[in-house]
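Input: a single structure, listed below in structure tokens.
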Amino acid sequence: MKNLISKKTSADHDIERLIGLQLRFGVITASLIVLIGGLIYLKQFGAQAVPHYHLFIGTKAGYTSLDEIFKGAYTVNAKGIVELGVVALIITPILRIAFSLVGFIIEKDKLYTWITFTVLVIMMTSIFGGLKI
Amino acid sequence: MTILTFTLILLAGAYLAGLVGSLTGLGGGVVIIPLLTLVFHVDIRYAIGAALLASIANSSGAASAYVKEGITNIRLGMFLEIATTIGAVGGAVIAVYTATNTIAILFGAILLFSAYMTIRKKNQEVLTTGSNMALKMKLNSTYPGKDGEVAYQLKNVGAGFSIMTLAGVLSGLLGIGSGALKVLAMDSTMHIPFKVSTTTSNFMIGVTAAASAVIYLQRGYMDAGIAFPVVLGVLAGAFTGSKLLTRLDPKVLKYIFCVAISFVALEMIYNGYHHQF
């Protein structure tokens, strides 16, 4: 008789533990970077009036590309550091997919290696596909 | 108002949003958008950017706990993420061509639907014979119950996949996790026990939100001055919420909150209709 339930293997549990740790690590790292950038931002601009957030200025505000963000963070620019934390936060679930991919390859689960690979390709299209406009 | 005052008020608001979002299962993003647009009169595009970040932070933070407990169905999540990420990228692309008032009205409608989904009866039953497709895709699994592992199977994989694509589009368009639609797909359509469907939905929200977040980041939707208090506030609130959840049953709170959120939804629709965004 065919086994109707796909039982969880010990490798499955290892992957689950690893993914859990990676997600937690990612969120903590990202929020620490955001906190540092935020504190510098408050120290520098805290006394100024709130920007006109009811008007959307889009990319004119700067720090909308990895290049700008890295340069900003490198020169200890407050907004650059906050945006670096934002990037770290966005990368966390993407890294999770990459971890799962490795896990399914180790388990020799061909079907799910392909499914995970597909999700990763969609994410990469979103990042590098020039879908901005 | 100075930036310091704005940051502190927003931090407190985001904390409450994260707390309420985690206690009711609606997620922090749903509360952040009306808070920013209706209270602070921030452009809805900045609000969407901030809400996406809140969704990612919330999802990744909570998922790390559930995954470790073995409740989340990782294969199912991964399979359905094909649908949600394609949808989310599509949603972020069409967002440029959608008027902000239309987005506000759509958001209000989804908010009403989410409130309804939160208070409706949950699927507690376990399906013992699923469809062929579920078997072929290795989607049937087990989860830790009171008396050991509970095995479950599922059906209507195609229909679930389609609803997930729609959930992805709305997530990309509105900047929310659209957890309510995800649960509808898994819980009501695929007949997955709700403990598994809520945690798997939460697990997927991070990836779905990240798929459109990278596009929004490049468009300048994620302002540092807003992102900073929102991310930290929502995370702290969600953390407090998860600690409280083990000690209290938020049933009454859920009803109060759903009524409140319905009024907020109606205001979003009303303002959107009168071109206030």
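Nothing in this text is a laboratory measurement; each read-out follows from the coordinates by a stated rule. Computed from a predicted model, the values in this text were never measured in an experiment. Backbone-built Cβ (ideal geometry, glycine too); neighbour counts: all protein chains shown.
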Identify, among B:C258, B:Y66, B:T98, the residue whose Cα sits farthest towards the positive end of the charge dipole of the stretch B:7-273, taking +1 on the Cβ of Lys and Arg and -1 on the Cβ of Asp and Glu, with the dipole about the Cα centre. B:Y66
Magnitude of the charge dipole, the stretch B:7-273, Cβ model with Lys/Arg +1 and Asp/Glu -1, debye to 20: 460
Burial ordering of A:F117, B:F257, fewest other beta-carbon atoms within 10 Å first: A:F117, B:F257
In the stretch B:203-268, what trypsin sites (Lys or Arg not before Pro) fall in a loop by DSSP, with at most 16 other Cβ atoms inside 10 Å? B:R247
Tabulate in residue order the Karplus-calculated ³J(HN,Hα) for the stretch B:159-175, using 6.51 cos²θ - 1.76 cosθ + 1.60 with θ = phi - 60°, rounded to whole Hz; enter x for Gly and Pro. 5, x, 4, 5, 4, 4, 4, 4, 4, x, 4, 5, 4, x, 7, 9, x
What percent do you get for the relative contact order of the stretch B:47-159 when only Cα pairs under 8 Å and 6+ apart count? 25
Taking only Cα atoms, what is the 0 to 90° angle, nearest 10, from helix A:78-106's long axis to the longest principal axis of chain A? 10
If you build the Cα gyration tensor of the protein assembly as shown and take the root of 5 times each eigenvalue, what three semi-axes come out, in whole angstrom, biggest first? 34, 23, 20
Neighbourhood charge, 10 Å Cβ-Cβ cut-off, centred on B:A95 and excluding it, Lys, Arg +1 and Asp, Glu -1: +2
Listed by chain and number, the lysines with an alpha carbon less than 19 angstrom from that of B:K68, same-chain partners under 8 positions apart left out, are A:K7, A:K8, B:K146, B:K195, B:K243
Compute the signed sum of charges (Lys and Arg +1, Asp and Glu -1) over the other residues within less than 14 Å, Cβ to Cβ, of B:I3. +1
Could you point to the residue in B:I33, B:S162, B:L135 farthest towards the positive end of the stretch B:7-273's charge dipole, with +1 and -1 charges on the Cβ of Lys/Arg and Asp/Glu respectively? B:L135
Total formal charge among the other residues, if their Cβ is under 14 angstrom from that of B:Q124, Lys/Arg +1 and Asp/Glu -1: +3
Under a Cβ-only charge scheme (Lys and Arg +1, Asp and Glu -1), can you give me the dipole magnitude of the protein assembly as shown about the Cα centre, in debye to the nearest 20? 560
Would you mind checking the tilt of helix B:100-119 against the longest principal axis of the Cα atoms of chain B, expressed as 0 to 90 degrees and rounded to 10? 40
Report, in deg cm²/dmol and to the nearest 500, the calculated mean residue ellipticity at 222 nm for chain B, where each DSSP H run with n ≥ 4 adds -39500 (n - 2.57) and the sum is divided by the residue count. -24000 deg cm²/dmol
Just from its helices, what would the mean residue ellipticity at 222 nm be for chain A, if runs of 4 or more DSSP H residues each count -39500 (n - 2.57) and the sum is divided by every residue, rounded to the nearest 500 deg cm²/dmol? -24500 deg cm²/dmol
